[in-house]
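Input: a single structure, listed below in structure tokens.
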Amino acid sequence: MRVAVAQLEPELGEKTRNLEACIARMEGAAGVGAALLVLPECAIPGYMFDSADEARPFAEEIPGPSTDALERACARLDLHVVCGLLERDGEALRNSAVLVGPDGLIGTYRKTHLPFLGVDRFTQPGDELPVYETRLGRIGVEICYDLRFPEVTRTLALKGADLVAHPTNFPLAAKVQTEVITLARAAENRVYLLTANRVGRERTAEFCGWSQIVDPFGKRLAEAGETEEALLVADVDVERARDKDYVIPGEYELYLFG
């Protein structure tokens, strides 16, 4: 199976422009045979809002106009996509990512670990770590700062995730995440990790790029640079993510999940 990650440069508050850019990347991914595309965190609204009042007009209910557009594109392209957006949940704002497939909206993940940065200062955390059974395999989702906490990826792996989609907005100060922690999380849990970061600057934040696709042994299959938009593509085998042990009976036995 072929998967893809898009490294983009969204513009703050430019939802129409950003959604069009996401759909263009979906078309590009489908054009090279990808079955799944991961887009960055807050790819549609942007991230560096200065208040809840400023952010709220760019949030929407799920389902809503943006997810409707993603659904139409997925149906047309026979593609699955994970895309970050800002969710309006009653009076609360949520930093969320949706998983959409050719048959429609599959699920919504709400970021559980919130740094005091950008729009996360004004959002409410989620409290679930779902894994979605799809025709591509079992897909878990985490967002940005979630990766810093090993329990998140471990929980997804224990729930059976083959692939973990990881939309993010890592700034330069978080570059260690792209250098070390992506590899560690994939290897320690024997999962594919698809990290979709953004590039460019929004207000006071400069983002570090280096989106990547990592295999269950901690090897980068594809990686982007630090400043340019990019589409990464790699071929994966979910059966490799399901074999968690190193075993030669009676000689060499390591069980990563006890």
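The values are calculated or read from the model by the stated rules, or taken from the named source; none is laboratory data. These numbers were taken from a predicted model, which means no experiment stands behind them. Using ideal geometry, Cβ is built from the backbone for each residue, glycine included, and neighbour counts are taken over all protein chains shown. Protein only, heavy atoms only, side chains kept; ligands, DNA and RNA dropped before computing areas. Shrake-Rupley method; radii C 1.70, N 1.55, O 1.52, S 1.80 Å.
Quick notes
- Its Cα gyration tensor gives region 71-141 an equivalent ellipsoid, and the semi-axes of that ellipsoid, as √(5λ) in whole Å with the largest first, are 25, 13, 9.
- Cα convex hull volume per residue for region 115-193 (Å³): 93 Å³
- Added length on full extension, which subtracts the Cα-Cα distance from 0.36 nm per residue, Glu133 to Tyr252: 39.6 nm
- Working from label points 7 Å from Cα in the Cα-to-Cβ sense, the Phe149 to Asp68 distance is 3.5 nm.
- The chain: calculated mean residue ellipticity at 222 nm from DSSP helix runs of at least 4, using -39500 (n - 2.57): -6000 deg cm²/dmol
- Lysines whose Cα lies under 22 Å from that of Lys244, excluding same-chain neighbours fewer than 8 positions away: Lys159, Lys219
- FRET E, pair Asp103, Ala24, Förster distance 30 Å, beta-carbon r, rounded to 0.05: 0.85
- Carbon plus sulfur fraction of accessible area for the chain, probe 1.4 Å, in percent: 49 percent
- A 1.4 Å probe run over the chain, with the rest of the protein chains in place, finds 41 Å² accessible per residue.
- Within the set (i) 28, 19, 17; (ii) 31, 20, 18; (iii) 33, 23, 15, the number that semi-axes √(5λ) of the Cα gyration tensor in Å takes when calculated for this structure is listed as (i).
- One equal scatterer on each Cα of region 147-225, no solvent, Debye formula: the resulting log10 I(q)/I(0) at q = 0.10, 0.19, 0.20, 0.24 Å⁻¹ is -0.22, -0.73, -0.79, -1.07.
- Label-point gap, in nm, between Lys175 and Glu226 - each point 7 angstrom along Cα→Cβ: 0.3 nm
- Listed residues Ala186, Ala30, Ala69, most fluctuating in the chain (Gaussian network, C-alpha, under 10 Å): Ala69
- Virtual paramagnetic centre 7 Å along Cα→Cβ of Phe217, amide N under 19 Å, in region 157-195: 162-164, 182-194
- Where the alpha-carbon atoms of region 22-88 are placed on the principal axes, they occupy 41, 20, 14 Å, in descending order.
- C-alpha center-to-center spacing [region 180-258, region 147-161] in angstrom: 13 Å
- Considering only the chain, percent of DSSP beta bridges that pair antiparallel, nearest 5: 70 percent
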